[in-house]
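The values are calculated or read from the model by the stated rules, or taken from the named source; none is laboratory data. Values in this document were obtained by computation on a predicted structure and should not be read as measured data. Positions of Cβ are generated from backbone atoms using ideal geometry, with glycine treated the same way; all protein chains shown enter the neighbour counts. These area figures cover heavy atoms from the full protein model, side chains too; ligands, DNA and RNA do not enter into them. Shrake-Rupley method; radii C 1.70, N 1.55, O 1.52, S 1.80 Å.
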Amino acid sequence: MKNWMLGLSCLGLVACSEGTGTVTFTTYGEDFIEKGIPAAEGDKAGFADGWSVTFSKFLVVIGEAKVETHDEVAARSTQARVFDVHKPGPVLVETFKDLAAREWDHVSYAIAPSATAVAGNADAADVERMKAEGFSVYIEGVATKGRDTKRFGWGFKTNTLYEHCESPELGAGVTVPKDGEETVQLTIHGDHLFFDDLQSPDAKMRFNAIADADRLGIAGPDGEVTLDELAAVDLTELPSGQYGTGGAGNVHSLRDFVTSLVRTAGHFRGEGECSPKVR
């Protein structure tokens with residue numbers, strides 16, 4: 001009787017026969033954020049219009065990491081953390097232990113404002129700034145082309161859930177190894193903030209229109225491009241064939257456009273994709 005009852009209990013517990021393992025989430029800004037984005041040269045990716053960009057900060061608020069299937073949640077995080085992915089990475093986001101060793105086909109996470117966020121690897125002052133301003137993403141950097149230099153410091157309040165994350169090499173979600181550990185990298189793509197199309201896979205990085213926003217600003221050129229200056233640039237005034245919206249609504253200014261690009265920065269295991277859900 002005891003053996004029969006044990007058999008029934010194991011039928012209801014996946015981990016009974018498959019064992020358990022660990023999943024560790026990390027985040028990483030790649031070379032474009034850590035070292036900078038060059039001008040394009042031959043087949044080398046970079047700005048198509050000759051600019052280069054280096055970042056001094058690239059802050060993101062990451063939370064809500066989740067491992068699940070369509071009907072069962074293996075693990076979820078409840079603590080948002082602020083990371084500066086300009087600092088060398090990858091860096092630890094969250095570790096989930098004792099998960100059932102099996103395939104979990106749905107991984108998701110959020111980049112969203114949080115009034116209760118704590119430091120990941122970000123400095124304390126940066127954490128407080130993100131909380132006080134309600135930012136999910138904040139970047140600082142310098143763009144250079146010849147003798148022309150433009151500074152920027154932009155904060156965004158976007159709230160984006162990255163769902164159904166999938167790697168081209170490893171597939172959807174994550175497979176938890178028995179008595180082992182699997183690492184899932186939440187990769188941040190800084191180059192996406194400068195693409196000239198919201199939909200096209202052939203989008204190129206450009207900075208000329210952003211630089212011109214400073215030249216045309218009410219205060220005149222002062223070497224710093226602000227989001228207010230980007231808001232004054234109507235997309236219809238930009239060169240034909242650039243800054244296509246792909247039919248996205250409420251994207252009329254260059255600020256709207258860059259804000260939409262911010263939502264595309266979250267990736268999965270390098271070049272893997274997620275489905276961004278605007279919240």
Compactness summary of the stretch 16-95: radius of gyration and Dmax from Cα atoms, Å, are 18.0, 59
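In whole percent, what relative contact order does the chain give with Cα contacts below 8 Å and a gap of six or more residues?
Result for the chain is 22 percent.
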The extension gain from S52 to E103, computed as 0.36 nm times the residue separation minus the Cα-Cα distance, is 14.2 nm
For the stretch 140-279 (alpha-carbon point model, no solvent) the Debye-based log₁₀ I(q)/I(0) at q = 0.18 Å⁻¹ works out to -1.06
For the stretch 57-66, in residue order, the Karplus 3J(HN,Hα) values (coefficients 6.51, -1.76, 1.60; θ = phi - 60°; whole Hz; Gly and Pro = x) are 8, 8, 9, 9, 9, 10, x, 6, 4, 9
So the FRET efficiency between T183 and S240, C-beta based with R0 = 51 Å and rounded to 0.05, is 0.70
A chain fully extended from D148 to R279 at 0.36 nm per residue, minus the present Cα-Cα distance, gains in nm 43.4 nm
Within the stretch 151-241, DSSP-loop trypsin sites (Lys or Arg not before Pro) with at most 16 other C-beta atoms within 10 Å are K157, K178, K204
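How long are the semi-axes of the ellipsoid equivalent to the stretch 60-133, from square roots of 5 times the Cα gyration tensor eigenvalues, in whole Å, largest first?
Numbers: eigenvalues 141, 35, 17 Å².
Each semi-axis is the square root of five times an eigenvalue, giving 27, 13, 9 Å.
To two decimal places, what compactness ratio does the stretch 8-159 give when its Cα radius of gyration is scaled by 2.2 N^0.38 Å?
Numbers: Rg = 19.8 Å, N = 152, 2.2 N^0.38 = 14.8 Å.
Output field value: 1.33.
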In degrees rounded to 10, the 0-90 angle between helix 2-11 Cα long axis and the longest Cα principal axis of the chain is 20
Distribution output for the stretch 97-154: share of Cα-Cα pairs per 5 Å bin in percent, first bin at 0, values 4, 12, 18, 13, 11, 12, 13, 9, 4, 3, 2, 0
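Suppose we keep just the DSSP beta bridges with both residues in the chain; what percent of those would be antiparallel, to 5? Walk me through the intermediate numbers first.
Details: 54 of 68 bridges.
Of all bridge pairs located within the chain, approximately 80 percent are antiparallel.
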Here Rg/Rh (Cα, Kirkwood) for the stretch 122-211 equals 1.06
Expressed in angstrom and rounded, the centroid-to-centroid distance over alpha carbons for the stretch 72-92 and the stretch 191-222 is 29
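If you put +1 on each Lys and Arg Cβ and -1 on each Asp and Glu Cβ, how big is the dipole of the stretch 121-273 around its Cα centre, in Debye rounded to 20?
Working: 14 positive and 27 negative charges, 54 e Å.
I would put it at about 260 debye.
Given R₀ = 30 Å, what would the calculated FRET efficiency be for A132 paired with D71, taking r from the Cβ atoms and rounding to 0.05? Let's see the in-between values first.
Numbers: r = 40 Å, r/R0 = 1.32.
Calculated value: 0.15.
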Mean accessible area per residue over the stretch 189-265 (1.4 angstrom probe, all protein chains present, square angstrom) is 48
Exposed GluC sites (Glu not before Pro) being those in a DSSP loop with at most 14 other Cβ atoms within 10 Å, the longest stretch of the chain free of them is 170-270
Per principal axis, largest first, the Cα atoms of the stretch 213-279 extend in Å by 42, 25, 24
Whole-percent carbon and sulfur contribution to the accessible surface of the stretch 41-178 (1.4 Å, no ligands, DNA or RNA) stands at 46
Nearest 10, in degrees from 0 to 90: the angle of helix 124-133 to the longest Cα principal axis of the chain is 80
Computed over the chain, the distribution of all Cα-Cα distances in 10 Å bins, rounded to whole %, is 6, 27, 31, 20, 9, 4, 2, 1, 0
Mean-square fluctuation maximum in Gaussian network of the chain, Cα pairs under 10 Å, restricted to D197, D222, D31, hits D222
Per GNM of the chain with C-alpha springs under 10 angstrom, the most fluctuating residue out of S200, S56, S77 is S200
